[in-house]
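The values are calculated or read from the model by the stated rules, or taken from the named source; none is laboratory data. The shown structure was predicted, so the numbers you read here are calculated from the model rather than taken from an experiment. Note that we place each Cβ from the backbone using ideal geometry, even for glycine, and neighbour counts take in every protein chain shown.
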Amino acid sequence: MDAKTCLKKLEYVGVLAFATVDKEGAPQIRNISAIHYEDNGIYFFTAKGKNFCRELMEDGRVQILGYTKFKEMIRLSAKVMPAAENEQQKWIDIIFEEYPYLYNLYPDDTRLMGGIVFQITEAEIEYFNLGVNPIFRESYAIGNKEIKFKGFEITDRCIACGKCIKKCPQHCINFGKCYTIEQEHCLHCGICYDLCPVKAIERRD
């Protein structure tokens with residue numbers, strides 16, 4: 001799995017949930033379908049007058065979520081920006097060709113007057129597959145976006161008592177002088193964290 005494959009899977013999903021923050025700091029979610037995919041990012045169209053557009057212009061932070069029929073969750077965390085002004089027409093034309101229903105919404109020159117294309121060329125991607133055993137998760141980056149690690153890790157305070165191994169639902173903790181967690185199979189349930197008698201397990205974030 002890699003970032004390019006994750007984007008292709010999102011393209012197959014089609015309609016994605018976009019989460020933003022409004023001016024009061026409250027979360028907002030929209031379903032967006034007018035999305036064009038490149039190997040290294042995505043471009044999407046929305047109306048200039050929508051609150052969604054205003055939130056993207058003022059704050060820029062967005063999370064995008066897609067869920068496949070194979071129980072795969074793919075989430076992008078990014079900061080968006082409008083595509084370059086001299087490229088707006090190009091990206092609008094591409095998106096309208098891919099989604100002909102948009103011609104009914106914005107006939108003739110109204111598509112450029114009433115709409116705008118935003119781009120995401122730097123993003124953190126989280127891939128989480130619940131359809132395999134053990135589960136599989138991994139993070140990837142587009143552009144120069146930094147990956148923020150999550151979950152738990154076992155420190156050198158571990159006394160190898162075995163309590164965490166016995167209760168790990170994904171059996172992803174390995175024996176050793178200090179136990180280790182297979183991060184790609186970790187559910188992030190926190191059972192090991194709660195059970196550890198010497199508090200040797202810490203959150204990675």
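With 18, 44 as the choices, which residue is in a strand (DSSP E or B) and free of Cβ contacts under 8 Å to residues at least 60 places away in the same chain? Walk me through how you get there before you give the answer.
On the way: 44 fails: free of Cβ contacts under 8 Å to residues at least 60 places away in the same chain.
Being in a strand (DSSP E or B) and free of Cβ contacts under 8 Å to residues at least 60 places away in the same chain holds for just one of 18, 44, which is 18.
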Restricting attention to segment 144-160, the residues that are surrounded by fewer than 13 Cβ atoms within 10 Å (Cβ to Cβ), touching a residue at least 40 places away in the same chain (Cβ under 8 Å) and within 20 Å of the chain's Cα centre (by Cα) number exactly 2
Which one of 55, 87, 97, 24 is assigned by TED's automatic domain parsing to the domain that holds residue 133, without any contact (Cβ under 8 Å) to a residue 40 or more places away in the chain, part of a loop (DSSP other than H, G, I, E, B) and of a type outside the set (Gly, Ala, Ser)?
24
Mind checking whether some residue in segment 116-125 is under 22 Å from residue 58 (Cβ atoms), in contact (Cβ under 8 Å) with a residue 12 or more places away in the chain and among the hydroxyl-bearing types (Ser, Thr, Tyr)?
yes
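Is it true that residue 116 is part of a helix (DSSP H, G or I), assigned by TED's automatic domain parsing to the domain that holds residue 68 and either among the hydrophobic types (A, V, I, L, M, F, W, C) or touching a strand residue (DSSP E or B) at 6+ places or on another chain (Cβ under 6 Å) (or both)?
Numbers: part of a helix (DSSP H, G or I): no; assigned by TED's automatic domain parsing to the domain that holds residue 68: yes; either among the hydrophobic types (A, V, I, L, M, F, W, C) or touching a strand residue (DSSP E or B) at 6+ places or on another chain (Cβ under 6 Å) (or both): yes.
Judged against the criteria, residue 116 is not a match.
What do you reckon, is residue 202 within 21 Å of residue 134 (Cβ to Cβ) and either in a strand (DSSP E or B) or in contact (Cβ under 8 Å) with a residue 60 or more places away in the chain (or both)? Step through it out loud before you land on a result.
Numbers: within 21 Å of residue 134 (Cβ to Cβ): no; either in a strand (DSSP E or B) or in contact (Cβ under 8 Å) with a residue 60 or more places away in the chain (or both): yes.
For residue 202, the condition - within 21 Å of residue 134 (Cβ to Cβ) and either in a strand (DSSP E or B) or in contact (Cβ under 8 Å) with a residue 60 or more places away in the chain (or both) - is not met.
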